[in-house]
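Trainee: Below you will find the structure I want to go over with you.
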Amino acid sequence: MDDKIIICFCEDITRAEVRQTIKNGATTLDEIKRIIRCGMGPCQGKTCEEMICREIMDITGKKKEDILIPTRRPPTSSILLADAARSDNNEKTS
Amino acid sequence: MKKQAEVVIIGGGVVGCAVAYNLASMGCKDVVLLEKNYLSSGATGRCGAGIRQQWGTEMNCKLAKASMEMFENLEQILAYEGEIELKQGGYLILAYKEQEVKQFQKNIELQNSLGIESELLTPEEAKEIVPHLNTKGLLAASYCARDGHANPFEVTRAYAQAAQSLGVEINTFTECKDIIIEKGKITEVVTDKGSIKTKTVINAAGGYSDLIGDMVGLKLPVYSERHQIMVTEPVNSFQTPMVISFYYNFYCQQVPHGSFIMGQGDPNEPKGHNIGHSWQFLQELSKKINHVLPPLGQLRIVRQWSGLYNITPDAQPIICQAEEIPGFYMAIGFSGHGFMIAPMTGKVLAEMILGKNLSMPLDKLDLGRFDRGELIPEPSVV
Ligand SMILES: Cc1cc2nc3c(=O)[nH]c(=O)nc-3n(C[C@H](O)[C@H](O)[C@H](O)COP(=O)(O)OP(=O)(O)OC[C@H]3O[C@@H](n4cnc5c(N)ncnc54)[C@H](O)[C@@H]3O)c2cc1C
C-alpha cells in the first residue's frame, strides 16, 4: 500500500517505481532521473530528491554523503519563455 | 571486472553501446565497455534527440537514411522491452536567404537521388505543417516527413541491455586512465579499477576523445565545444516537426512526452570541456523562439543544461582504425549529429573491426583525410 505513494508529483512516479529502478541497478539520483524522469519536471527535484535519497540509502546501504546531488541548473524556478525573451538588460537582438 | 578481453570500448554513450551490441551480435562477445560516469552521461544524454536525413553530403545522407531505417525497427532488432519513443513528425528547415534556398534545392536533389523523400515547401505550405509558425521573412523550407525524434536514454539503454544479454561486460563509474603500447601494439588498458589485457581498443569517448588519443600518442584533429540547450514544461502536442533554422541558428522540437526541447550554437563559444550554463543563452534563444514560434512564449522553461560537441575540421566524424597503431579504432568527432547516425556507425565499425564486408564504405571518414586535404565539408550543420 505504502508503495503506491507518489514520490514525484511532476511526473506521477510512485515509491514502488523508484524502488524497482534502484533494485535494477540505478543507484544514483542522476541515473534514476534518466530512467523514470523524477527530477525532470517543473520542480526539478526539489520535492522528490530527499525522498529518493532515502530510498537509495535504504536499498543500497549508501550513506547520505555518498549520494551525489545532480547539477543545479537555471532557472531556479520555471519562467515563461516570453519573459526570458523580454528580460533585456542591455542589447537588442533581431 | 574482466582481466582480459578481445575488445575494450571506451565510452558508454550511444556510439560505444551501439558498437558493443553490434560486435556481440556478430559473434565477438568478449567485449568490455568502460564508462567513467553512467550510461548516457555524456553528449548522448544531453542532446537534442533529433534525427534527420536532410543532409548536404552523400555520406551523411546515406548514414542517416540507413540509421533511420534501423531506428524504425530498433525495438524489435534489440528485443527491447521499453520504448525508444520514435516520433516521425518530420524536420522543417527554414530558409531566409536566397543562398539558403539554393543550397536546400541542391540538397533535396541529392537526397531524392538517394531515396530520401524531402521537398521544398513554400511559406504557406510550411504554415500548414506548423500553423503557429511566423512566416515573416521566410522564403521557403526544406521538409522531410520521415525525420524526427528518438529518446537518447532509451536508445542507449536498448543497445546496452542487448549487448549485456549477449555477454558484453559494461562497467559504469570506471574510467580509462591509460593505454599501454608495446612495440607499436596495444597490450593493456589501465582503469581506476584495474587493468584489462587487450589488443583492440575503441575510442568512443565523445567530447573526451582527444584525451584518449593522447594516451596512445595520437594528436587527434578534434576539439570540444559547449552547446547549450533548454526544455519547457510538458504540454499537449501541438508541434509535429522539429523546426530548425541555420539563419537564426536554432532547433526546436516537441518530444512525445510533451516538453519542447530547443538549442542554439554560439559562434563565440571557446573550445574546451566546459559544460556550465549561461544566462545569455536563455535570453537569446527565447527571443528567437518567441519571434519565430510565438505561442511557445507562453510555455514555462524548467531547465537549461549543456553538453559537448566533438568537432572535426569538416564537421564529419572520424570512423576508422589508426594506421599508426593497429588495433586502435575510433568513432569520434560527430560534430553535433552523432546520435542520429549511431545505429549505422555501430554496425559498420563492428564490421570493420571483425574484417567483414562493410554494409557501407566509410573509407572517406578516415583520419588520414585531413593530412591528404580530402575534407568533405558538410554545408548543413547547426
Ligand atoms: C546540446 C547538444 C545537442 C545535440 N543535438 C543532437 C541532435 O539533435 N541529434 C544528433 O544526432 N546529435 C545531437 N548532438 C550530438 C550527439 O549528442 C553526439 O554526437 C552523440 O551523442 C555522440 O555520442 P558518443 O557516444 O560518441 O559520445 P558521448 O555520449 O559523449 O559518450 C562518450 C562517453 O565516454 C565517456 N568517457 C569519456 N572519457 C572516458 C574515459 N577516460 N573512461 C571512460 N569513459 C569515458 C563519457 O563519460 C561519455 O559518457 C547534440 C549534442 C549536444 C551537446
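Trainee: Would you calculate a helix-derived [θ] at 222 nm for chain B, using -39,500 (n - 2.57) for each DSSP H run of n ≥ 4 and dividing by the full residue count, to the nearest 500?
Mentor: -8500 deg cm²/dmol, from helical runs alone.
Trainee: Restrict the search to the stretch B:281-349; then list the GluC sites (Glu not before Pro) that DSSP places in a loop and that have at most 16 other Cβ atoms within 10 Å of their Cβ. Numbers along the way, then the final one.
Mentor: Numbers: sites: B:Glu284, B:Glu323, B:Glu324; in loops: B:Glu323, B:Glu324.
Hits after loop and neighbour filter: B:Glu323, B:Glu324.
Trainee: Still on this structure, please answer the following. Over the stretch A:6-93, how many pairs of lysines fall under 21 Å by alpha carbon, counting only those 8 or more apart in sequence or from different chains?
Mentor: Value for the stretch A:6-93: 11.
Trainee: Follow-up. Is the protein assembly as shown rounded, prolate or oblate when judged by the Cα gyration tensor, a ≥ b ≥ c being the square roots of its eigenvalues, rounded requiring a/c under 1.5 and prolate requiring a/b larger than b/c? Display every interim value, and only then the final one.
Mentor: Details: a/c = 1.69, a/b = 1.12, b/c = 1.51.
Note, shape of the protein assembly as shown comes out oblate.
Trainee: If I measure Cβ to Cβ between cysteines in the protein assembly as shown, which ones have no partner under 4.7 Å?
Mentor: If one checks each Cβ against the other cysteines of the protein assembly as shown, A:Cys10, A:Cys43, A:Cys53, B:Cys17, B:Cys28, B:Cys47, B:Cys61, B:Cys144, B:Cys176, B:Cys252, B:Cys320 turn up with nothing under 4.7 Å.
Trainee: If you don't mind, there's one more thing I want to ask. Where the centroid of each part is defined by its Cα atoms, how far is the stretch B:1-56 from the stretch A:7-72 in Å?
Mentor: Between the Cα centres of the stretch B:1-56 and the stretch A:7-72 lies a distance of 25 Å.
Trainee: Where only protein heavy atoms count, and the probe is 1.4 Å, what is the accessible area per residue for the stretch A:6-93 in Å²? Before the final figure, lay out the partial values.
Mentor: Numbers: 4720 Å² over 88 residues.
Ligands and nucleic acids excluded, the result is 54 Å² per residue.
Trainee: Kindly provide the chymotrypsin sites (Phe, Trp or Tyr not before Pro) of the stretch B:215-255 that DSSP labels as loop, not H, G, I, E or B, and whose Cβ sees at most 13 other Cβ atoms within 10 Å. The partial results should precede the final answer.
Mentor: Values: sites: B:Tyr223, B:Phe238, B:Phe246, B:Tyr247, B:Tyr248, B:Phe250, B:Tyr251; in loops: B:Phe238, B:Phe246, B:Tyr247, B:Tyr248.
Here the chymotrypsin sites (Phe, Trp or Tyr not before Pro) that fit, given the DSSP loop and packing criteria, are B:Phe238.
Trainee: Ignoring the sites themselves, what is the longest stretch of chain A with no trypsin sites (Lys or Arg not before Pro) in a DSSP loop and at most 13 other beta-carbon atoms within 10 Å? Mind dumping the intermediate values first?
Mentor: Working: sites that count: A:Lys46, A:Lys63, A:Arg72, A:Lys92.
Maximal segment without exposed cleavage sites: A:1-45.
Trainee: Residue-wise, which Karplus ³J(HN,Hα) couplings in Hz belong to the stretch B:293-299, taking 6.51 cos²θ - 1.76 cosθ + 1.60, θ = phi - 60°, and x for glycine or proline?
Mentor: Each residue's phi maps through the Karplus curve to give 10, x, x, 5, x, 8, 8 Hz.
Trainee: Classify chain A as rounded, prolate or oblate from the Cα gyration tensor: take a ≥ b ≥ c as the square roots of its eigenvalues, call it rounded if a/c is under 1.5, otherwise prolate when a/b beats b/c and oblate if not.
Mentor: The shape class here is prolate.
Trainee: Report relative contact order for the stretch A:6-93 in percent, whole number only (criteria: Cα-Cα under 8 Å, sequence separation at least 6). All intermediate terms of the calculation are to be shown ahead of the outcome.
Mentor: On the way: 76 pairs, mean separation 24.1, N = 88.
Computed over the stretch A:6-93, the figure is 27 percent.
Trainee: In whole Hz, what ³J(HN,Hα) sequence does the stretch A:54-62 give by Karplus (6.51, -1.76, 1.60; θ = phi - 60°), x for Gly and Pro?
Mentor: Values per residue, Gly and Pro as x: 4, 5, 4, 4, 4, 7, 9, x, 4 Hz.
Trainee: For the residue pair A:Arg86 and B:Glu182, what label-to-label distance in nm results when each label sits 7 Å from Cα along the Cα-to-beta-carbon direction?
Mentor: Computed distance between label sites A:Arg86 and B:Glu182 equals 7.0 nm.
Trainee: Can you bin the stretch B:239-356 into rounded, prolate or oblate? Criterion: square roots of the alpha carbon gyration tensor eigenvalues sorted a ≥ b ≥ c, rounded for a/c under 1.5, prolate for a/b above b/c, oblate for the rest. Working shown, then result.
Mentor: Details: a/c = 2.95, a/b = 1.99, b/c = 1.48.
Here the stretch B:239-356 falls in the prolate category.
The values are calculated or read from the model by the stated rules, or taken from the named source; none is laboratory data. Worth saying up front: this structure is predicted, and the values here are computed from it rather than measured. Positions of Cβ are backbone-derived with ideal geometry, glycine not excepted, and every protein chain shown enters the neighbour counts. Note: areas computed on protein heavy atoms with side chains; ligands, DNA, RNA excluded. Shrake-Rupley method; radii C 1.70, N 1.55, O 1.52, S 1.80 Å.
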